[in-house]
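Inspection log for the structure reproduced underneath, given as C-alpha cells.
The values are calculated or read from the model by the stated rules, or taken from the named source; none is laboratory data. Since the model is a prediction, treat every value here as computed from it, not as a measurement. Neighbour counts are summed over all protein chains in view; Cβ atoms, including those assigned to glycine, are modelled from backbone coordinates with ideal geometry.
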Amino acid sequence: MGALIDSLEQGPHGVVVGVVALVVIAAQVVVSLKAWGRAVPEPRRRRMHVLAGASILALPVSAGIAVHAARGLIVYGLSAATDPSEKATVLSSGISGQINIIPFLVMTIMVAVALWFVGLWRSYGAERGPARRALVLYGLLAVGFDALALGALRWTTALIKAFAGMAGVEPALKPRLLERQLADGRIELEQLARASRWTLAGITVACLVLALILRRDEDAAAEGRWARRRGAVSLAALALAAVLFLAARPMRAENALPWPPAGQGEVLLIADPKAPDLEGPDEIERAPVVQVWADKLALDLQPQDDLDAMKSILQTLRVNYGLLHPEGGFNRVADLLIGEGVSADRLKAVLRAVHDVEYTSPAFVFAREENLDRPTFGRLRRVHVTAARLKLIDEYDAEAAKDPKGGEEGTLVRLADFRDYGALARRIVALRASGAAVALDLGK
Amino acid sequence: VSARLSRAVLVVSCGVLALALGEFFLQWVLYTETFLRRFLFGA
C-alpha cells in the first residue's frame with residue numbers, strides 16, 4: 001500500500017487520483033450493502049444505483065487529467081525547460097505520472113464496476129425480465145474488456161520493471177533497452193487488445209441472436225415503455241461511440257507512425273557552425289565545446305574575443321576537471337565544432353591554442369539538424385552528432401619524443417597538406433572509420 | 001417485432017460503444033508509448 005501511494009505521489013495530481021478512487025470505491029461498497037439490505041424503496045433505489053454508477057466516471061476523468069498533466073510535463077521538459085536539474089525532475093515526474101496512474105486506474109475501475117454490478121444485480125437481477133437481460137448484456141460486455149485491461153496492466157508493469165532494472169545500467173545502453181521494451185510490450189498489448197475486440201464482437205453477436213429469438217414476456221404497455229427506453233439508450237450509446245472514435249483519431253495517427261531510433265550518447269543542442277556533412281565513427285564525449293567560424297569563436301556557447309581569452313578559460317576548465325576527477329589524470333578532451341570552409345591557417349591557429357593548453361586528445365564534432373514531422377507534436381528538431389577522435393602533436397612534440405608522430409600511435413596526418421577543414425575532416429573520418437588512430441601534426 | 005427490434009438495436013449499439021471504448025482506451029495507453037518515444041528522440 002505504501003509503495004502504491006509512493007508511486008502515485010511521483011506524478012502530478014497522483015494523490016488526488018488516489019483519494020478519488022478511495023471515495024468512489026467506498027461509495028460502491030455502501031450502495032451494494034444498501035442494495036443487499038433491500039430496505040431502500042423505488043425510485044430511491046434506482047437513483048442510488050445511477051449516482052453510484054455515475055460516480056465511477058470520476059475515476060477515468062481524474063486519471064485522464066493526471067496523465068494529461070504528466071504528458072504536459074514531458075513536453076515542457078523537452079521543449080521549454082532550460083535548467084538541467086529542472087528538466088530531469090519534470091521529465092521523471094512526467095514519465096512516472098503516466099506509467100503509475102494507468103495500472104492504478106485499471107485496477108480501481110475493475111473493482112468499482114464489479115461492486116456496482118453486485119448491487120445492481122441484487123436490486124434488479126433477481127427476476128426474469130428486460131432489466132435482468134440488460135444487466136446480463138452489460139455484464140458480459142464488461143467481461144469483454146478483461147483482456148484489454150490485462151494488456152494495459154502487463155504493459156505498464158513491464159515498463160515500470162524495465163525502468164527499475166535500468167538503475168545500474170550504463171547510460172549509453174538505456175535508450176536501446178527502453179526501445180526494446182516498448183517494441184516487445186506493444187506486440188503483447190496489441191494481441192490482448194485484439195482478443196478483447198473479438199470477445200466483445202462475439203458477445204455482441206451472441207446477445208443479438210438471443211435478442212432476436214427471445215419471445216416477448218411483458219404486457220403491451222410495459223413493452224412500449226421498454227422499447228422507448230432502449231431507443232434512448234441506443235442513441236446515447238451510438239453518439240458516445242462516435243465521440244470516442246473521433247477523439248481517438250489523433251492519438252491513433254500518432255501511435256501508428258513509427259519513430260526513428262533514439263538519440264545516442266551525449267547530447268549537443270547546437271549545429272552551428274555548419275560542419276562537413278560527415279558521419280564520424282566515434283561518440284561525442286562530455287567536454288568543453290569549441291565552436292570555430294571563419295571570423296569568430298565560442299567556448300561552451302560563450303563568444304570569445306580572441307584565442308588568448310579562450311585559452312585562459314580552457315586552462316581554468318582543465319584545473320576544474322582535476323578537482324572533479326581527483327582519481328584520474330586530465331582527459332585532454334575538447335569537442336571541436338568547426339565550419340566546413342574554415343581555412344587551414346585559421347584552423348592551425350585554433351588547434352595550436354587548444355594544444356598549448358594541453359587539450360591534445362580533442363574530437364572533431366559533426367553536428368547536423370534533423371527534423372521530424374509528427375501528426376500531433378508537429379515539427380520536432382534534434383541535433384544528430386558524431387565525432388572523430390584524434391591526437392594533436394606539433395614539431396616540438398616530435399623532437400622531444402624523437403618520433404615523427406610525437407610518441408602517438410596510428411597514422412600521421414599533416415595539417416599543412418590540407419587547404420581547409422572540410423578536406424582535413426574527410427581524411428580523418430575515413431581513417432577513423434577504418435579503425436586507425438590519427439595523430440594530426442600541426443607543424444611549427 | 002418492435003420489442004425484438006429495440007432489443008437488437010440496443011445490443012448492437014452497446015456492442016459498438018464497447019468496441020469504441022476499447023479502441024479509445026488502447027490508443028490512450030499507446031499514446032504513453034508515443035510520449036516515451038518523444039523522450040527518446042531527444043530535443
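Which ones in the stretch A:1-13 are in a helix (DSSP H, G or I), exposed (fewer than 13 other Cβ atoms within 10 Å of the Cβ) and not charged (D, E, K, R)? Answer for the stretch A:1-13, where residues must be in a helix (DSSP H, G or I), exposed (fewer than 13 other Cβ atoms within 10 Å of the Cβ) and not charged (D, E, K, R): A:GLY2, A:ALA3, A:ILE5.
Scoring A:ARG71 on the criteria (1) farther than 22 Å from B:GLN27 by Cα; (2) within 11 Å of chain B (Cβ to nearest Cβ) leaves a single failure, condition (1).
Is it true that A:PRO281 is surrounded by 15 or more Cβ atoms within 10 Å (Cβ to Cβ), farther than 21 Å from A:ARG346 by Cβ, more than 11 Å from every other protein chain (Cβ to nearest Cβ) and touching a Lys or Arg at 6+ places or on another chain (Cβ under 8 Å)?
Details: surrounded by 15 or more Cβ atoms within 10 Å (Cβ to Cβ): yes; farther than 21 Å from A:ARG346 by Cβ: yes; more than 11 Å from every other protein chain (Cβ to nearest Cβ): yes; touching a Lys or Arg at 6+ places or on another chain (Cβ under 8 Å): yes.
Taking the combined requirement at face value, the residue satisfies it.
Evaluated against (1) surrounded by fewer than 21 Cβ atoms within 10 Å (Cβ to Cβ); (2) within 7 Å of chain A (Cβ to nearest Cβ), B:LEU5 falls short on exactly one condition, (2).
Within the stretch A:82-133, being assigned to a helix (DSSP H, G or I), touching a residue at least 24 places away in the same chain (Cβ under 8 Å) and small (Gly, Ala, Ser) holds for A:SER92, A:SER93, A:GLY94, A:SER96, A:GLY97, A:ALA112, A:GLY119, A:SER123.
Scanning the stretch A:80-94 for residues that are aliphatic (A, V, I, L, M) and in contact with a helix residue (DSSP H, G or I) (Cβ under 7 Å, 6 or more places away or on another chain), which turns out nearest to the other protein chains (Cβ to nearest Cβ)? First the steps, then the outcome.
First pass over the stretch A:80-94, keeping only residues aliphatic (A, V, I, L, M): A:80-81, A:88, A:90-91.
Next, from what is left, pick out any that are in contact with a helix residue (DSSP H, G or I) (Cβ under 7 Å, 6 or more places away or on another chain): A:81, A:90-91.
Numbers: A:ALA81: 10, A:VAL90: 11, A:LEU91: 7 Å.
Per the stated criteria, the residue is A:LEU91.
The set of residues in the stretch A:226-265 being within 15 Å of A:LEU372 (Cα to Cα) and either more than 36 Å from the chain's Cα centre (by Cα) or within 8 Å of chain B (Cβ to nearest Cβ) (or both) consists of A:GLU254, A:ASN255, A:TRP259, A:PRO260, A:ALA262, A:GLY263. Sort out which residues of chain B are of a type outside the set (Val, Ile, Thr) and closer than 30 Å to A:LEU268 by Cα, and write them in order of number. Scanning chain B gives B:LEU30, B:TYR31, B:GLU33, B:PHE35, B:LEU36, B:ARG37, B:ARG38, B:PHE39, B:LEU40, B:PHE41, B:GLY42, B:ALA43.
Of all the residues that make up the stretch A:148-177, how many are within 23 Å of A:LEU4 (Cα to Cα) and in a helix (DSSP H, G or I)? Residues meeting the conditions: 18.
If you go through the stretch A:383-404, how many residues are crowded, with 19+ Cβ neighbours inside 10 Å and not small (Gly, Ala, Ser)? Adding up the residues that qualify gives 9.
Candidates in the stretch A:47-59 are the residues that are in a helix (DSSP H, G or I) and surrounded by fewer than 15 Cβ atoms within 10 Å (Cβ to Cβ); of these, the one that is nearest to the chain's Cα centre (by Cα) is A:ALA54. Within the stretch A:416-439, being touching a helix residue (DSSP H, G or I) at 6+ places or on another chain (Cβ under 6 Å) and not charged (D, E, K, R) holds for A:PHE418, A:TYR421, A:VAL438. Of all residues in the stretch A:172-194, those satisfying the criterion of being more than 10 Å from every other protein chain (Cβ to nearest Cβ) and in contact (Cβ under 8 Å) with a residue 40 or more places away in the chain are A:ALA172, A:GLN191. Scanning the stretch A:377-402 for residues being within 24 Å of A:ALA436 (Cβ to Cβ) and touching a Gly at 6+ places or on another chain (Cβ under 7 Å) gives a total of 9. With respect to (1) small (Gly, Ala, Ser); (2) on the phi < 0 side of the Ramachandran plot; (3) at pLDDT below 90, the lone exception for B:GLY42 is condition (2). The requirement of being at negative phi, surrounded by 20 or more Cβ atoms within 10 Å (Cβ to Cβ) and not aliphatic (A, V, I, L, M) is fulfilled nowhere in the stretch A:78-92; no residue meets it. Within the stretch A:359-370, one or more residues are more than 30 Å from A:ALA262 (Cβ to Cβ) and touching a helix residue (DSSP H, G or I) at 6+ places or on another chain (Cβ under 9 Å). Of the listed requirements (1) under 30 Å from the mean Cα position of the chain (by Cα); (2) among the small types (Gly, Ala, Ser); (3) farther than 23 Å from A:PRO260 by Cα, A:GLY185 misses just one: (3). Annotation: A:LEU380 fulfils all but one of (1) free of Cβ contacts under 8 Å to residues at least 24 places away in the same chain; (2) over 30 Å from A:PRO258 (Cβ atoms); (3) surrounded by 14 or more Cβ atoms within 10 Å (Cβ to Cβ); the unmet one is (2). Is it the case that some residue within the stretch A:52-66 is closer than 22 Å to A:ALA158 by Cα, away from chain B (no Cβ under 14 Å), hydrophobic (A, V, I, L, M, F, W, C) and free of Cβ contacts under 8 Å to residues at least 24 places away in the same chain? No, the stretch A:52-66 has no match at all.
Determine whether the stretch A:415-423 contains at least one residue that is of a type in the set (Ser, Thr, Tyr), within 22 Å of A:ALA275 (Cβ to Cβ) and crowded, with 21+ Cβ neighbours inside 10 Å. Among the residues of the stretch A:415-423, at least one is of a type in the set (Ser, Thr, Tyr), within 22 Å of A:ALA275 (Cβ to Cβ) and crowded, with 21+ Cβ neighbours inside 10 Å, which makes the answer yes. None of A:VAL16, A:VAL40, A:VAL31 is touching a Lys or Arg at 6+ places or on another chain (Cβ under 7 Å), of a type in the set (Val, Ile, Thr) and either at positive phi or surrounded by 12 or more Cβ atoms within 10 Å (Cβ to Cβ) (or both) except A:VAL40. Restricting the stretch A:336-368 to residues that are more than 12 Å from A:LEU390 (Cβ to Cβ) and under 34 Å from the mean Cα position of the chain (by Cα), the residue that is surrounded by the most Cβ atoms within 10 Å (Cβ to Cβ) is A:ILE338.
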